[in-house]
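Remarks on the structure that follows.
Nothing in this text is a laboratory measurement; each read-out follows from the coordinates by a stated rule. This one's a predicted model, so the numbers in the text were calculated from it and none came from an experiment. Cβ placement follows ideal geometry from the backbone for every residue including glycine, while neighbour counts extend to all protein chains displayed.
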2 protein chains.
Amino acid sequence: MARACQLMQQSLARALAHLDIKPPHLDILVNLFRFEGISQQELARKLLVGRSNMSMLLPQMEKRELIERRGDKQDKRVLRLYLTEEGRRVTEEAMTIQTALIDRMLSDAPIEECQAITVHMERVVSLLLQEEREPLEPAGDQ
Amino acid sequence: MARACQLMQQSLARALAHLDIKPPHLDILVNLFRFEGISQQELARKLLVGRSNMSMLLPQMEKRELIERRGDKQDKRVLRLYLTEEGRRVTEEAMTIQTALIDRMLSDAPIEECQAITVHMERVVSLLLQEEREPLEPAGDQ
DNA sequence: CCAATAATGTTCAACTATGAACAATAAAGT
DNA sequence: ACTTTATTGTTCATAGTTGAACATTATTGG
């Protein structure tokens, strides 16, 4: 199953090649599409990657004029992220490609099953994130 | 969903830390456990990674005496892979840990659903692998 | 107001995985 | 037999990701 994810990433990468973006870029674009104006930190948290990763990718996307980074006026530490018109266009096209790929993969899976899987996966994610924060401390017992 | 896989890998990595092995090593061990005597090439194909990756990991595991590499007598190119006693011991312990993790994740998912998911994932894998080999050639039509 | 603590983003060294180029061996075509 | 083509494993340069250390700015506590 991990292998399936791995292969889908590779396949997605190939399908996205002609737009000159890769899966990590798409992840960023999609999240900005839905949550415009978030900070780099918030974005990194949603994507489950390190802040440093954002510091590598975002400036490069800014140079390609897919996104824009504007400093927050109330907190001079944070940079808020916005899509440019070009960025929005590319995002929509890329999402179309991604959706087509996913549909093709799940074409012979019942709809309810997909939803059930999604629900479980989200539960798994929150479960693991929670565990990450409580390494090994029962705290009250013993 | 890709994120869930990512997190499970991280969680598995932490759970495996005290054995001083990482998920890629476990993948190798489990496959040797089930298919003892396969070549590096076959192993790489099963794991969906490059041959070069095997060339990096396997010698290091050989030095730690988890595996053994013996040259095939009929084909002097291939190195056949075997688990040592120590390797078998570690593999069993690591599989226990992995199984426990997976069970914990899917504890509230119905059994049939898990099986259904597995079936679909395997189909997805074979579908994508097939596509990889036929990049863009309808060949007979048009 | 000032010190201490925390949060954001950047930089850098380390690690992993990859694909291309290569040497050795095998298989196929002549 | 000999040349050509394919396969196996290795090496190396490259790209992507991470965590730690850092500078800057906020927040908290005295």
Say the cut-off is 26 Å between C-alpha atoms; which of B:LYS46/B:LYS73; B:LYS22/B:LYS76; A:LYS22/A:LYS63 go over it?
B:LYS22/B:LYS76
Whole-angstrom gap from region B:53-88 to region A:90-120, using each part's C-alpha centre:
40
Could you work out which residue, out of A:THR96, A:THR84, A:THR118, moves most in a Gaussian network model of chain A, that is, has the largest mean-square fluctuation with Cα springs under 10 Å?
A:THR118
Which shape class, rounded, prolate or oblate, goes with region B:28-142 when its Cα gyration tensor gives a ≥ b ≥ c as root eigenvalues, a/c under 1.5 marks rounded, and past that a/b bigger than b/c marks prolate?
oblate
When the helices in chain B are scored as -39500 (n - 2.57) per DSSP H run of 4 or longer and the sum is shared across all residues, what 222 nm value do you end up with, to the nearest 500 deg cm²/dmol?
-21500 deg cm²/dmol
What relative contact order, as a whole-number percentage, does region B:2-109 give when Cα pairs under 8 Å and 6 or more residues apart are counted?
27
Among B:MET95, B:LEU47, B:SER11, pick out the residue whose Cα is farthest towards the positive end of the charge dipole of region B:2-109, where Lys and Arg carry +1 and Asp and Glu carry -1 on C-beta, about the Cα centre.
B:LEU47
Choice from A:ILE28, A:ILE111, A:ILE97 showing the highest fluctuation, given a GNM over chain A with Cα pairs closer than 10 Å
A:ILE111
Rg to Rh quotient for the protein assembly as shown, alpha carbon positions, Kirkwood Rh:
1.01
Expressed in nm², what is the orientationally averaged projection area of the convex hull enclosing the Cα positions of region B:1-60?
4.6
